[in-house]
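Q: Got a structure here, written out as structure tokens. Questions coming.
The values are calculated or read from the model by the stated rules, or taken from the named source; none is laboratory data. Please read all numbers here as calculations on a predicted model, not as lab measurements. Here the Cβ is made from the backbone with ideal geometry for all residues, glycine too, and neighbour counts use every protein chain on show.
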Amino acid sequence: MFKKKFIIVIILVLAVVALAYIGKSYWKLNTNNSAIYQDMLIKDVYTDKSSYKLHEGVYYVVKLKNDLEKDYSGKLRVYFKHLDKSIYYKEVKVNLKKGEYKELNLKWFPPDDDYTGYMLEVYAVKGNKIIDHRNTAIDVSSDWSKFPRYGYIANFPEMDRNKAKEIIDNLSRFHLNGLQFYDWQYKHDLPLAGTVDNPELTWPDIANRRTSGETVKNFINFAHDKNMMAANYNLMYGAYEDYETRGVKKEWGLYKDNNHNEADSFSLPDSWAVKKVYLMNPGNKEWQNYMFQREKDVMDVYNFDVFHVDTLGPRGTLYDYNGNEVNIDKTYTDFLNNAKKALNKRIVVNNVQEFGKTPVSKDTDVDFLYTEIWPSDYASYGMIKKTIDNDLRYSNGKKASVIAAYMNYGMHRGEEFNEHSVKLTDAAIFAAGGAHVELGDTGMLSNEYFANDNVKMTPALTSSMRNYYDFIVAYENILRDNMNEVNTTIEVPGINVSNNGSAKTIWAYSKENKKYQTVQLINLLNREDDNWRDEKGSCSPPETKKDFILKLYVDYTDIKSVNLASPDLNGGTSMPLKYSKKKDSKGNFLEIKVPELQYWDTIFIERSV
């Protein structure tokens, strides 16, 4: 017995020493200059899936190519971190001749902690000198609805399977864990072309584009391989002009007058399959039963996980066929709850401009709250945060938030997204705890028709989005995990600070959970206005601020550490900050030395618990 205990003690001591070495070697590297020869050796690092279930192994790829002027013989030091803590370390010897390419396929088993984000950091070193450095991130979550990262697929032509796989592989590297299959269906009121027993192989969509059923299936299957959810998109209440030929009745419709003379509808371009789509009453049980059967037919043929229900927002005063006024937002919950029962699928609904969101958040089992916002009522950065705050408040913190906000809306075909405005808008969404539906098979969304690919992503923006999505995964537990706003004073001496996203300020606010307090810093100092959309793509880069003091008025008795992480700095690698505890006439405060703010920094303070 004594011998057994002695062996256990020795093992524990060795484990502590090993962890200490890992931490020491990590910080020794981190105090060196970061990547001296950026991209000269490590070309990419990515994981085999978008997210991982509990107990699932993580396969990751490190792509290497020696673009140095001489042969390389050194090591890859691989760190797996949760926030600022290094939890696993791996060392790989590497020899590469000048110009040689090599791909390493490695594996890691994460701890058994659900809903947890990790940063994977890979350093190429020679001795203790960093030659190159690149990061990616890992999300371990048993359900996508906790930390949704929603993207889209909008093109379904006949396509080689390898091309479809390549598209999904690319989206997976942004860690998207759900894809909205946009306008894939045949008709709004008849989404399945053909029958369950004999589905059509191809069909025209609403824009008269040819859609391939095989391509839809391939996308779904490849998405599932990456642990992505596949969402079947359709409008809650849409019907083509000739709807009566398919058994839809005019008595189910919505009307602008109480004598059913003028049906509510929305118009489409002349080149499309129909000139108008007519709106049905979502509260009408016959319409519900009809539509749920049509969607069930779809689900019997295509292995979708989610029914994504679109709406058009406020429609003014509307009436049913019998002249009764219909408050359309009050019909959402009944439609959605009955859809879930009928289809036995996950449900997501688009509450345009938050229309109908309060009852949806409280009285339905949607996976998360999805809001399409428009500048008519939601023009400012501050309104983005307010929308996400509302989601948390309406749902008592139980529902995550996804925002549809279309960037550079007034730009034309062939133009390129403004990287600066995209990053600032993403910072506004991500810092507040939300996600942004923006990335898909066309690149990035510039308007509400997801298949529109007029505006292109630059290579620099694509690279930045990899960093931003790595960041929101690695730090999801201090960005989106039950973080509550703290009413505290934040000052940066000599610089204007706001708590509402005003132009020409650093936007600063604080949130906390039981263990951490965060300070979000978003650089709006160069913004002439606070409008997030940047209609014509004219946003200039923010003025980088370096080596400044931040004063956070807080009770500092239980502070363990202060760290900073940013998607704009060193691939999101966290760094410890120097701080001191002080007091003035306003009270106790932490004086924190901030090394740099480009677009967005997150400072996180660990407290004793």
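Q: All but one of (1) on the phi > 0 side of the Ramachandran plot; (2) not assigned by TED's automatic domain parsing to the domain that holds P191 hold for Q353; which doesn't?
A: The single condition Q353 does not satisfy is (2).
Q: Looking only at segment 137-148, decide whether some residue is farther than 28 Å from D481 by Cβ, small (G, A, S) and out of contact with any strand residue (DSSP E or B) (no Cβ under 8 Å at 6 or more places or on another chain).
A: Here is the first cut: in segment 137-148, the residues farther than 28 Å from D481 by Cβ are none.
No, segment 137-148 contains no residue that is farther than 28 Å from D481 by Cβ, small (G, A, S) and out of contact with any strand residue (DSSP E or B) (no Cβ under 8 Å at 6 or more places or on another chain).
Q: Across segment 222-269, which residue is surrounded by the most Cβ atoms within 10 Å (Cβ to Cβ) among those that are part of a loop (DSSP other than H, G, I, E, B) and of a type in the set (D, E)?
A: Taking segment 222-269 and keeping what is part of a loop (DSSP other than H, G, I, E, B), we get 226-228, 236-237, 241-242, 247-249, 254, 256-262, 264, 268-269.
Checking the rest, the ones that are also of a type in the set (D, E) come to 241-242, 257, 262, 264.
On the way: E241: 14, D242: 12, D257: 13, E262: 10, D264: 22.
Looking at residues that are part of a loop (DSSP other than H, G, I, E, B) and of a type in the set (D, E), I get D264.
Q: For segment 224-262, enumerate the residues that are over 26 Å from Y302 (Cβ atoms) and either at pLDDT below 95 or aliphatic (A, V, I, L, M) (or both). Walk me through how you get there before you give the answer.
A: At the first step, the residues of segment 224-262 found to be over 26 Å from Y302 (Cβ atoms) are 244, 249-251, 253-262.
Within segment 224-262, just L254 meets the criteria.
Q: Of the residues in segment 280-308, how many are within 17 Å of L235 (Cβ to Cβ), assigned to a loop (DSSP other than H, G, I, E, B) and touching a residue at least 40 places away in the same chain (Cβ under 8 Å)?
A: Qualifying residue count for the region: 4.
Q: What are the residue pairs meeting all of these: first residue in segment 514-542, first residue without any contact (Cβ under 8 Å) to a residue 60 or more places away in the chain, second residue hydroxyl-bearing (S, T, Y) and part of a loop (DSSP other than H, G, I, E, B), Cβ atoms under 6 Å, and 6 or more apart or on different chains?
A: Short answer, once both residue conditions are applied: N526/S540.
Q: Please pick out the residue among A427, A460, A432 that is of a type in the set (A, V, I, L, M), surrounded by fewer than 20 Cβ atoms within 10 Å (Cβ to Cβ) and not assigned by TED's automatic domain parsing to the domain that holds K536.
A: Going through A427, A460, A432 in turn, just one is of a type in the set (A, V, I, L, M), surrounded by fewer than 20 Cβ atoms within 10 Å (Cβ to Cβ) and not assigned by TED's automatic domain parsing to the domain that holds K536: A460.
Q: Run down F174, F147 and say which single residue is touching a Lys or Arg at 6+ places or on another chain (Cβ under 9 Å), within 25 Å of M444 (Cβ to Cβ) and either buried (at least 24 other Cβ atoms within 10 Å of the Cβ) or of a type in the set (D, E) (or both). If you could, list the steps in order and put the result at the bottom.
A: Numbers: F174 fails: either buried (at least 24 other Cβ atoms within 10 Å of the Cβ) or of a type in the set (D, E) (or both).
Of F174, F147, the one residue that is touching a Lys or Arg at 6+ places or on another chain (Cβ under 9 Å), within 25 Å of M444 (Cβ to Cβ) and either buried (at least 24 other Cβ atoms within 10 Å of the Cβ) or of a type in the set (D, E) (or both) is F147.
Q: State yes or no: is G397 within 19 Å of the chain's Cα centre (by Cα) and either modelled with pLDDT under 95 or assigned by TED's automatic domain parsing to the domain that holds N499 (or both)? Don't jump to the end; show me each part of the working.
A: Values: within 19 Å of the chain's Cα centre (by Cα): yes; either modelled with pLDDT under 95 or assigned by TED's automatic domain parsing to the domain that holds N499 (or both): yes.
The answer is yes for G397.
Q: Within segment 160-183, can one find any residue that is in contact with a helix residue (DSSP H, G or I) (Cβ under 7 Å, 6 or more places away or on another chain) and over 25 Å from H436 (Cα atoms)?
A: yes
Q: Name the residues in segment 51-76 that are under 15 Å from D132 (Cβ atoms), touching an Asp or Glu at 6+ places or on another chain (Cβ under 6 Å) and assigned to a strand (DSSP E or B), would you?
A: Selection gives K63, K75.
Q: Now a separate question. Of all residues in segment 559-588, count the ones that are crowded, with 21+ Cβ neighbours inside 10 Å and either modelled with pLDDT under 95 or small (G, A, S) (or both).
A: Looking only at that region, the number is 5.
Q: Of the residues A503, A508, which is in the same structural domain as E591 (by TED's automatic domain parsing), under 30 Å from N396 (Cβ atoms) and small (G, A, S)?
A: Values: A503 fails: under 30 Å from N396 (Cβ atoms).
Testing whether each residue is in the same structural domain as E591 (by TED's automatic domain parsing), under 30 Å from N396 (Cβ atoms) and small (G, A, S) leaves just A508.
Q: Now for a separate question. Looking at W203, W272, can you tell me which residue is at negative phi, buried (at least 16 other Cβ atoms within 10 Å of the Cβ) and in a loop (DSSP other than H, G, I, E, B)?
A: On the way: W203 fails: in a loop (DSSP other than H, G, I, E, B).
Just one listed residue meets the conditions, W272.
Q: List the residue pairs whose Cβ atoms are under 6 Å apart, where the first residue sits in segment 569-598 and is in the same structural domain as Q517 (by TED's automatic domain parsing), the second is in a loop (DSSP other than H, G, I, E, B) and of a type in the set (D, E), and the two are 6 or more positions apart or on different chains.
A: S574/D84; Q598/D568
Q: For residues in segment 309-325 being part of a strand (DSSP E or B) and either aliphatic (A, V, I, L, M) or at pLDDT below 95 (or both), which is surrounded by the most Cβ atoms within 10 Å (Cβ to Cβ)?
A: Initially, segment 309-325 is screened for residues part of a strand (DSSP E or B), giving 309-310, 318-319, 325.
From what's left, either aliphatic (A, V, I, L, M) or at pLDDT below 95 (or both): 309, 318.
On the way: V309: 26, L318: 19.
Step by step, filter segment 309-325, then rank; the result is V309.
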